[in-house]
Amino acid sequence: MKKIQLILLLVLLAITGQVGAQIIPTTITNGQFDPGTVFYRIKFTPSILPHYITIGSDVTTTNIRGNATLFAFVGNNTDGYRIYAKGDATKYIYLTSTTSDVNVDNVHYGTSDTYDKFKIHTNGKGYTIYQYGPRSSSIPTSLNYVSGSTLQTWSNSGSLSDNNCRVEFEAVEMSLLYQYTFSEGTVNQVVYGTIGSAYPAPATAPAFCTITGSKPSGKVTAGGTKTATFNATWDGPLEYSSTLNNAKWYLMTLGYQDSHKQVFRYSALNTTINLPTDAYTFTYSSKDQFAFVGNPLDGFQVINRSAGNPRLVANADGTGNPSFANSPSSAQSDRWDIYNVTVGPASSITVPGDKRFGLNLHGNNAKKLNRNGASYNVVYWSNHDNGSTFTVSQADLPSLALHEFDGKTYASLYVDYPVQITSENVKVYTGTVSGNTLQMTEANDKIIPANVGVVLVGNTASETSATLSIANSAGTVAHGVITGSITDVPIQGYQDQYLVLGLSNQEPQSVGFFQPTVATIPAYRAYIPKSATQSVRGLYFNFDGETTSIDPTVLTPAKEETIYDLSGRRVNKTVKGIYLKNGKKIYVK
């Protein structure tokens, strides 16, 4: 009975001219074919040899089966289909015009919206693909195989029975969505199942990963099971993120023995990567910090924290050596695989928490990164099982020296990324000006936000240094008047425009921010612009109502002095000559 019903259904479909189950249309989301897309070969029949529609620079026919002969149909037979190639969900077959002329070669492949829809007709002798548009009802324009590799349009007085216009649709593959659920997020991968064969196996677990779960049972059928879910875990040496917004930043070294671990550092000048020659010396610079964005299955971007977030890149074909780029070219790859380094007796490495690994070009484990001997440059290493060993840490920023005064210790700091103070007895403060005092506000989370100048205070004189680590949150303390720079600030001749952390030059001395005597404010140290101080000569600290000033008279506002030369121009500095100072004539020898 069921067989009779099926035969009747097929007859009905043939009579009504509908495609029925012969074509399963698909949809496109975010430029990608949706799961369950069936890809067909379009074969012209009859012919001595099969002729399949294929795409290259344009649309032709071929005797060779391949990915270029696979197409998906988006739309419906009432409004017309777009015919997309498997490899690109943005390009499709279209015609530049419709015509009643025979053998007009106007079949193209691209993104034109001119005559880009087709209908599929069946008349009992086979299917015909004809253009959907003004002429489709009176003189249909069909896709037609002529000779050789020529694909043309064919108009034949309304007849759809020409042998070279008839096609068959061979369902070959169906796209499937395999989902791998990590604790860090779900990774979606599109796989292709051959129709009539068993479902493909899940991805091979990368290093530091396990994947559990079963693929669908049975064989792939057009319109059958479209998705499968697998559980996955990551137990790697670092935390990765799916985007840069929530990235965790690390300090990295590259080397093969404890005595040969070099800082992995970004330099905009490097066409190749040259490591610093100092063995294990990090700085406060963002150039020393890297994040891993991506996932274990698709590979990781190794991104530096400097401006523009340059990435570790290499030629996609594995030639040459790696470098850094803000915007990789189409010929470059910015994806890397993390693998587990096998360390032999001759290259023993001790890393706290065993946070060590190797990097190779994604999908090409013969292209491993290696520190190239005494030259300290980074190259590929393919002659051995392992390249050089990377290590990562968040807690190896340089310690900051604290200087003692009156039973406590002090230092200032300014960085362009969040830093956390890990010393138990060291506190973090920002400050705002109130008269001749600096009202200090404690950062209870001990995080120094990016681009915020702070003062560190040790509870006792024994706190001679503060330990720091890269913070994973932005910090909560508000920005005060204290600022700074990540580069040296030359101030020779302009010392009166700045206040820096130090001692007053009065007796008894007090700690606070005062006019400097040095010619340069070092990088990563904090200062207060004089413009933010209401013209006072200095500022002493006020911690919860208790000030560090012993003699506040030193901090009374300074009377502004105005000096003009004899031409009436105001000057900041004088040389030999006659000037007007506060309305009085003076002579400078």
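What to note about this one:
- Qualifying residue in the stretch 181-190 (condition: under 27 Å from His362 (Cβ atoms), part of a loop (DSSP other than H, G, I, E, B) and under 36 Å from the mean Cα position of the chain (by Cα)): yes
- Residues of the stretch 324-341 that are open to solvent by less than 50 Å² (accessible area, probe 1.4 Å), at pLDDT below 95, more than 18 Å from Ser388 (Cα to Cα) and part of a loop (DSSP other than H, G, I, E, B): Pro328 alone.
- Within the stretch 510-521, being open to solvent by less than 70 Å² (accessible area, probe 1.4 Å) and either more than 19 Å from Val428 (Cα to Cα) or free of Cβ contacts under 8 Å to residues at least 12 places away in the same chain (or both) holds for Ser510, Phe514, Pro516, Ala519, Thr520, Ile521.
- Residues in the stretch 347-395 that are modelled with pLDDT of 90 or more and part of a loop (DSSP other than H, G, I, E, B): His362, Gly363, Asn364, Lys367, Gln394, Ala395.
- Among residues of the stretch 433-460 being in contact with a Leu (Cβ under 7 Å, 6 or more places away or on another chain) and of a type outside the set (Gly, Ala, Ser), the one that is surrounded by the most Cβ atoms within 10 Å (Cβ to Cβ) is Val454.
- Failed item, numbered, when Asn246 is tested on (1) at pLDDT below 95; (2) touching a helix residue (DSSP H, G or I) at 6+ places or on another chain (Cβ under 9 Å): (2)
- Matching entry among Tyr417, Tyr410 (being within 30 Å of Val477 (Cα to Cα), touching a helix residue (DSSP H, G or I) at 6+ places or on another chain (Cβ under 8 Å) and either buried (at least 20 other Cβ atoms within 10 Å of the Cβ) or at pLDDT 90 or above (or both)): Tyr417
- Qualifying positions in the stretch 80-104 - of a type outside the set (Gly, Ala, Ser), modelled with pLDDT under 85 and farther than 15 Å from Ile129 by Cα: Thr96, Thr99, Asp101, Val102, Asn103, Val104
- Scanning the stretch 422-460 for residues that are farther than 17 Å from Ala478 by Cβ and small (Gly, Ala, Ser) turns up Ser423, Gly435, Gly458.
- Residue match in the stretch 81-92 (condition: open to solvent by less than 20 Å² (accessible area, probe 1.4 Å), out of contact with any helix residue (DSSP H, G or I) (no Cβ under 7 Å at 6 or more places or on another chain), part of a loop (DSSP other than H, G, I, E, B) and touching a residue at least 12 places away in the same chain (Cβ under 8 Å)): yes
- Residues in the stretch 165-188 that are charged (D, E, K, R) and either closer than 24 Å to Arg41 by Cα or open to solvent by less than 30 Å² (accessible area, probe 1.4 Å) (or both): Arg166, Glu168, Glu170, Glu173.
Each row is one residue, and each column tells you yes or no for (1) out of contact with any strand residue (DSSP E or B) (no Cβ under 9 Å at 6 or more places or on another chain); (2) open to solvent by less than 60 Å² (accessible area, probe 1.4 Å); (3) small (Gly, Ala, Ser).
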{"position": "Ala205", "(1), (2), (3)": "no, yes, yes"}
{"position": "Ile211", "(1), (2), (3)": "no, yes, no"}
{"position": "Gly255", "(1), (2), (3)": "no, yes, yes"}
{"position": "Gln262", "(1), (2), (3)": "no, yes, no"}
{"position": "Thr281", "(1), (2), (3)": "no, no, no"}
{"position": "Gln289", "(1), (2), (3)": "no, yes, no"}
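- Residue in the stretch 277-323 that is farthest from Ser393 (Cα to Cα), counting only those that are part of a strand (DSSP E or B) and among the small types (Gly, Ala, Ser): Ala314
- Within the stretch 229-241, being open to solvent by 10 Å² or more (accessible area, probe 1.4 Å) and farther than 16 Å from Phe208 by Cβ holds for one residue alone: Thr229.
- Test: Ala461 is farther than 23 Å from Ser285 by Cα and small (Gly, Ala, Ser): yes
- Complete set of residues in the stretch 476-492 that are open to solvent by less than 30 Å² (accessible area, probe 1.4 Å) and over 17 Å from Arg525 (Cβ atoms): Val477
- The residues of the stretch 12-31 that are more than 20 Å from Ile195 (Cβ to Cβ) and either at pLDDT below 90 or outside any loop (DSSP other than H, G, I, E, B) (or both), listed by number, are Leu12, Leu13, Ala14, Ile15, Thr16, Gly17, Gln18, Ile28, Thr29.
- Qualifying residue in the stretch 217-225 (condition: open to solvent by less than 50 Å² (accessible area, probe 1.4 Å), in contact (Cβ under 8 Å) with a residue 40 or more places away in the chain, within 30 Å of Ile120 (Cβ to Cβ) and of a type in the set (Val, Ile, Thr)): yes
- Any chance Gly344 is modelled with pLDDT under 95 and open to solvent by 40 Å² or more (accessible area, probe 1.4 Å): no
The values are calculated or read from the model by the stated rules, or taken from the named source; none is laboratory data. Keep in mind the model is a prediction, meaning the values are calculated, not measured. Every residue, glycine among them, receives a Cβ derived from its backbone with ideal geometry; neighbour counts consider all protein chains shown. Just so you know, the surface numbers come from the protein's heavy atoms only, side chains and all, with ligands and any DNA or RNA stripped out. Shrake-Rupley method; radii C 1.70, N 1.55, O 1.52, S 1.80 Å.
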